[in-house]
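*Asks:* Pasting a structure below so you can have a look.
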Amino acid sequence: MARPRLAERQPYDRDQVVDAAVRVFTERGYDGTTMADIAAALGIHKTSIYHHVASKEQLLEDALKRGLDALHGMLAEPAAVEGRAVDRLRYVVRRTVEIMVDRLPEVTVLLRVRGNTATERWALARRRDFDRAVERIVSDAIAEGDLRREVDAALVTRLVFGMSNSVSEWYQRGGRMSAVQIADAIERIVFEGLQTAAGS
């Protein structure tokens, strides 16, 4: 079947333009992507994109906000702020995996930013804020006696997210492992190694 001419295709809204940009960013990298590439992915003229956004960096910002807002929003959920710190940490670890799987393209873009633009530096700052919030939960769990006192809270946070962030590089929807199974595995690895006898 012949592809419809550009003028015959359905108009796109901003969310659909961002969706396309995220797909191209994950394939080509942000620096390697042009507005023409995004337009081609949508099947529209490049000039049509500017009805929705002012620049490629604005598309990047919209994409990054999706992942960051989901992560920061999770930290405000009741199970992340109420109860013993070790239980809050378990919840945060599991929900982080769920968000990564649910928002896989956006989180993949987020994890690949290197601070080359103002938007990337803003995203890195928000990532650091997220890490510090989790680090505080780890510190509280240590202080409450549920995690080993000899571990460093900042190091634990980096190691936990180093493991969970790797999901973005290999997870495939419909693959042999679900988000729940991945979260179960990470939870066992993390907490069976970190918890004290009293906290298990």
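*Asks:* Taking the options 137, 142, name whichever one is hydrophobic (A, V, I, L, M, F, W, C) and touching a Leu at 6+ places or on another chain (Cβ under 6 Å).
*Replies:* Checking each option against the conditions leaves just 137.
*Asks:* Please indicate, with yes or no, whether at least one residue in the range 125-132 is surrounded by fewer than 19 Cβ atoms within 10 Å (Cβ to Cβ) and in contact with a strand residue (DSSP E or B) (Cβ under 8 Å, 6 or more places away or on another chain).
*Replies:* no
*Asks:* Identify the single condition in (1) hydrophobic (A, V, I, L, M, F, W, C); (2) modelled with pLDDT under 90; (3) in contact with a Leu (Cβ under 8 Å, 6 or more places away or on another chain) that residue 177 does not satisfy, given that it satisfies every other one.
*Replies:* (3)
*Asks:* Another question about this same structure. Here is a list: 37, 31. Which entry is among the acidic types (Asp, Glu), touching a residue at least 12 places away in the same chain (Cβ under 8 Å), outside the structural domain of residue 182 (by TED's automatic domain parsing) and assigned to a loop (DSSP other than H, G, I, E, B)?
*Replies:* 31
*Asks:* Is it the case that residue 138 is more than 24 Å from residue 32 (Cβ to Cβ), surrounded by 18 or more Cβ atoms within 10 Å (Cβ to Cβ) and assigned by TED's automatic domain parsing to the domain that holds residue 71?
*Replies:* So residue 138 passes the test.
*Asks:* Additional query: Restricting the search to the range 144-155, which residues are under 13 Å from residue 90 (Cβ atoms) and either without any contact (Cβ under 8 Å) to a residue 60 or more places away in the chain or of a type in the set (Asp, Glu) (or both)? Reasoning before the result, please.
*Replies:* Start the filter on the range 144-155 by keeping residues that are under 13 Å from residue 90 (Cβ atoms), which leaves 146-147.
If the condition is that a residue be under 13 Å from residue 90 (Cβ atoms) and either without any contact (Cβ under 8 Å) to a residue 60 or more places away in the chain or of a type in the set (Asp, Glu) (or both), then 146 is the only one that fits.
The values are calculated or read from the model by the stated rules, or taken from the named source; none is laboratory data. Note that the structure is a prediction, hence the values are computed from the model and not measured. Because the Cβ atoms are built from the backbone with ideal geometry, glycine has one as well, and the counts that use them run over all protein chains shown.
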